[in-house]
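The values are calculated or read from the model by the stated rules, or taken from the named source; none is laboratory data. Here the structure is a predicted model, which means the values were calculated and not measured. Here Cβ is always computed from backbone atoms with ideal geometry, including for glycine, and neighbour counts include all displayed protein chains. For accessibility, only protein heavy atoms count, side chains too; no ligands or nucleic acids. Shrake-Rupley method; radii C 1.70, N 1.55, O 1.52, S 1.80 Å.
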Amino acid sequence: MAESMQGLKRTYRCGELSVANIGETVTVMGWVQKNRNKGGLVFVDVRDRSGIVQVVFEEGKMDEELISRAASLRSEYVVAIVGRVEKRSGAVNTNLLTGEIEVIPSKLRILSESETPPFPIEENSRTKEELRLKYRYLDLRRPDLQRNLMMRSQVATLTRQFLSKEGFLEIETPVLGKSTPEGARDYLVPSRIHPGSFYGLPQSPQLYKQLLMCSGYDRYFQIAKCFRDEDLRADRQPEFTQIDMELSFVDVDDVIDVNERLLAELFREILGVEVSLPIPRMTWQEAMDRFGSDKPDIRFGMELTNVTEVVKDCEFVVFRTAIENGGTVRGINAKGQGAMPRKKIDKLVSFAKDFGAKGLAYIALQEDGTIKSSFAKFMSEEEMQSLIHAMNGEPGDLLLFAADKNKVVWDVLGNLRLELAKQMELLHPEEYKFIWITEFPLLEWSEEQGRYTAMHHPFTMPMEEDLKWIDSDPGKVRAKAYDIVLNGNEIGGGSVRIHQNDIQEKMFEVLGFTKEEAYEQFGFLLEAFKYGVPPHAGLAYGLDRMVMLMAKEDSIRDVIAFPKVKDASCLMTEAPGVVDDKQLAELGLETREEKE
């Protein structure tokens, strides 16, 4: 039966005890991890967030009732133990922080009993994620998840300390704001007091932080909850957390400098990893040409090679048609994969088709000097040798080619490069490779909307030297935007903002907004810009994604306390749920069944 603490006070967490405590009487409290009854000896492992300590009950050396209560303990009972720390009598357990000691108890109090949990509380659980998320409060007892959340807390604490030393003020911005449809889909909150009107939950604090710069706060930061009603992936949630910042009287280099020092501090303090500064920079164009991605994983080579000039006169119709239609032919060299079986190559072809390729051409260079190729018959011997030479092909290599519009070729080879790296085991999680990607295109053409859309957002400053093309060739204009990429994941991004009214109005015009539409959506910001606005710039990190990479996890669900699943629902609380008609009526809403 459960008892109260009756004045007991915990003196140490379980994992804090060591040989330095030998001879001390201590009080520990926690959950029973394991109870092993060896007949006359009962070994109980007690666990809390700091680790595990072994408690040894021995017949003949202590009260019979104490032994019998110890024998009744089951997994996940909550206990308080008072006892003396002694050197471990058996073999030292090198897997435990407390492996050299044990506690010999004088008191045992059962604070709470537990039913048998629906799955074992253990590291690297093999239990299906759906079941673990249904009982997330139990899942969160697992030491690996507890380490992840402690690391997340440490990232937040160190970030606050670092930015505060750098002169940043932590200021909270509203969660109930105005819906701004430009960008991802908003979550809407109906207003009871203003029937028919809705608040939008923030996709980011973007407009508010720019207003704070207008208000003279100079340097702002916030660890902010953001919301996007998007389809989910492993690294995406409907609500997520940003480390958000904005700085006044700065340009690109100033923002990059403070953030490089922040990253170096986080990785040094938390992981003991030295980030070598300055972090290299690469323009968007170079990243796309070399890696087929604006978030390149630079832990391995296998870069793209443009062979358009080499094959432009060949008879292979796939290459020729792509070039005639304004596209390119590019390839990657999978070193040492020349003996890959045809079945495996076919799988790569079908993988490439998922990213828009019509097919994949290949040359397999055998160790004996022979060549197997899907298109050799359309090439002269000389053309084939020139192509192999351009690709740095050697016996034993597999050369893979895509031919299409640039966007498709980049997408296909960029993803194929990563897939091959996984297969060839080139991705080492203990390696951390950062890179800044700069000079993004300001705009991208949307076929769906038949107009240019902002690649980042409508407040991003164009590069001054490109402003001359804003009317004649808007697609050519580069932005003063920058992303920080770690191991092929964008962990943060930002830009210098527009602070001149004429450029902001021109930007809205290029995006297809009339002056009235721009004022309807962003009037409060444009109005503020009339009253003296400093040059300003900012950046925001995805905190969840950064911690996921630091903790070497594959999903952000493993670094969020209570995450949602793919359909944006919570398996534990069963949110979202139906609300009663009275609540809906107060909001002026009613639900109706959708007819098939």
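Among the residues in segment 305-327, are any within 36 Å of the chain's Cα centre (by Cα), farther than 16 Å from LEU399 by Cβ and open to solvent by less than 20 Å² (accessible area, probe 1.4 Å)?
Yes, because at least one residue in segment 305-327 is within 36 Å of the chain's Cα centre (by Cα), farther than 16 Å from LEU399 by Cβ and open to solvent by less than 20 Å² (accessible area, probe 1.4 Å).
Among the residues of segment 489-505, is any modelled with pLDDT under 90, open to solvent by less than 10 Å² (accessible area, probe 1.4 Å) and either outside any strand (DSSP E or B) or of a type in the set (Ser, Thr, Tyr) (or both)?
yes
Filtering segment 203-234 down to residues that are open to solvent by less than 20 Å² (accessible area, probe 1.4 Å) and in contact with a Lys or Arg (Cβ under 7 Å, 6 or more places away or on another chain), which residue is modelled with the highest pLDDT?
TYR220
Go through segment 529-540 and give me each residue that's modelled with pLDDT of 90 or more and either under 17 Å from HIS457 (Cβ atoms) or assigned to a loop (DSSP other than H, G, I, E, B) (or both).
GLY532, VAL533, PRO534, PRO535, HIS536, ALA537, GLY538, LEU539, ALA540
So is SER125 among the polar types (S, T, N, Q) and surrounded by fewer than 16 Cβ atoms within 10 Å (Cβ to Cβ) or not?
no
For segment 34-50, enumerate the residues that are surrounded by fewer than 20 Cβ atoms within 10 Å (Cβ to Cβ) and touching a residue at least 60 places away in the same chain (Cβ under 8 Å).
ARG49
If I filter segment 384-404 for residues that are loosely packed, with under 12 Cβ neighbours inside 10 Å and modelled with pLDDT of 90 or more, do I get at least one hit?
Step one: filter segment 384-404 for residues loosely packed, with under 12 Cβ neighbours inside 10 Å, giving 389, 392.
Add one more test, that the residue is modelled with pLDDT of 90 or more, and what stays is 389, 392.
Yes: segment 384-404 contains one or more residues that are loosely packed, with under 12 Cβ neighbours inside 10 Å and modelled with pLDDT of 90 or more.
Looking at segment 96-202, what strands (runs of 3 or more DSSP E) fall wholly within it and have at least 1 residues that are modelled with pLDDT under 95, among the hydroxyl-bearing types (Ser, Thr, Tyr) and touching a helix residue (DSSP H, G or I) at 6+ places or on another chain (Cβ under 6 Å)?
Correct list: empty, since no element meets the threshold.
Among the residues of segment 436-455, are any in contact (Cβ under 8 Å) with a residue 12 or more places away in the chain, surrounded by fewer than 18 Cβ atoms within 10 Å (Cβ to Cβ), within 22 Å of the chain's Cα centre (by Cα) and under 22 Å from GLU286 (Cβ atoms)?
Within segment 436-455, one or more residues are in contact (Cβ under 8 Å) with a residue 12 or more places away in the chain, surrounded by fewer than 18 Cβ atoms within 10 Å (Cβ to Cβ), within 22 Å of the chain's Cα centre (by Cα) and under 22 Å from GLU286 (Cβ atoms).
When you go through LYS422, LYS433 one by one, which is the residue that is without any contact (Cβ under 8 Å) to a residue 24 or more places away in the chain and open to solvent by 60 Å² or more (accessible area, probe 1.4 Å)?
LYS422
Out of (1) touching a residue at least 24 places away in the same chain (Cβ under 8 Å); (2) among the β-branched types (Val, Ile, Thr); (3) open to solvent by less than 50 Å² (accessible area, probe 1.4 Å); (4) over 25 Å from VAL85 (Cβ atoms), what's the single condition that is false for THR116?
Every condition holds for THR116 apart from (3).
Taking GLU517, is it open to solvent by 50 Å² or more (accessible area, probe 1.4 Å) and assigned to a helix (DSSP H, G or I)?
yes
Out of (1) surrounded by 20 or more Cβ atoms within 10 Å (Cβ to Cβ); (2) closer than 27 Å to MET150 by Cα; (3) at pLDDT 95 or above, what's the single condition that is false for GLN237?
(3)
Go through the residues of segment 584-595 one by one and say whether even a single one is under 28 Å from TYR137 (Cβ atoms) and either out of contact with any strand residue (DSSP E or B) (no Cβ under 9 Å at 6 or more places or on another chain) or touching a residue at least 24 places away in the same chain (Cβ under 8 Å) (or both).
The answer is no, given that none of the residues of segment 584-595 is under 28 Å from TYR137 (Cβ atoms) and either out of contact with any strand residue (DSSP E or B) (no Cβ under 9 Å at 6 or more places or on another chain) or touching a residue at least 24 places away in the same chain (Cβ under 8 Å) (or both).
Can you go through ALA364, ALA403 and tell me which one is part of a strand (DSSP E or B) and closer than 16 Å to LYS312 by Cβ?
So the residue among ALA364, ALA403 that is part of a strand (DSSP E or B) and closer than 16 Å to LYS312 by Cβ is ALA403.
So ASP254 passes all but one of these: (1) among the acidic types (Asp, Glu); (2) within 16 Å of LEU413 (Cβ to Cβ); (3) outside any loop (DSSP other than H, G, I, E, B). Which condition number does it fail?
It fails just one condition, (2).
Determine which member of the set VAL510, VAL533 is in contact with a strand residue (DSSP E or B) (Cβ under 8 Å, 6 or more places away or on another chain), open to solvent by 10 Å² or more (accessible area, probe 1.4 Å), β-branched (Val, Ile, Thr) and touching a residue at least 60 places away in the same chain (Cβ under 8 Å).
VAL510 is the lone residue from the list that is in contact with a strand residue (DSSP E or B) (Cβ under 8 Å, 6 or more places away or on another chain), open to solvent by 10 Å² or more (accessible area, probe 1.4 Å), β-branched (Val, Ile, Thr) and touching a residue at least 60 places away in the same chain (Cβ under 8 Å).
Among the residues of segment 64-84, are any assigned to a strand (DSSP E or B), open to solvent by 50 Å² or more (accessible area, probe 1.4 Å), in contact with a strand residue (DSSP E or B) (Cβ under 9 Å, 6 or more places away or on another chain) and farther than 18 Å from LEU8 by Cα?
For segment 64-84, residues assigned to a strand (DSSP E or B), open to solvent by 50 Å² or more (accessible area, probe 1.4 Å), in contact with a strand residue (DSSP E or B) (Cβ under 9 Å, 6 or more places away or on another chain) and farther than 18 Å from LEU8 by Cα: absent.
Can you spot a residue in segment 469-481 that is open to solvent by 50 Å² or more (accessible area, probe 1.4 Å) and aromatic (Phe, Trp, Tyr)?
So far as segment 469-481 goes, yes, one or more of its residues are open to solvent by 50 Å² or more (accessible area, probe 1.4 Å) and aromatic (Phe, Trp, Tyr).
Among the residues of segment 382-400, which ones are assigned to a helix (DSSP H, G or I) and touching a residue at least 60 places away in the same chain (Cβ under 8 Å)? Let's see the steps before the verdict.
Quick first cut of segment 382-400, residues assigned to a helix (DSSP H, G or I) only: 382-390.
GLU383, SER386, LEU387, ALA390 - these are the residues of segment 382-400 that are assigned to a helix (DSSP H, G or I) and touching a residue at least 60 places away in the same chain (Cβ under 8 Å).
Tell me which residues, restricted to segment 14-31, are open to solvent by less than 70 Å² (accessible area, probe 1.4 Å) and either assigned to a loop (DSSP other than H, G, I, E, B) or of a type in the set (D, E, K, R) (or both).
Of everything in segment 14-31, those that are open to solvent by less than 70 Å² (accessible area, probe 1.4 Å) and either assigned to a loop (DSSP other than H, G, I, E, B) or of a type in the set (D, E, K, R) (or both) turn out to be LEU17, SER18, GLY23, GLU24.
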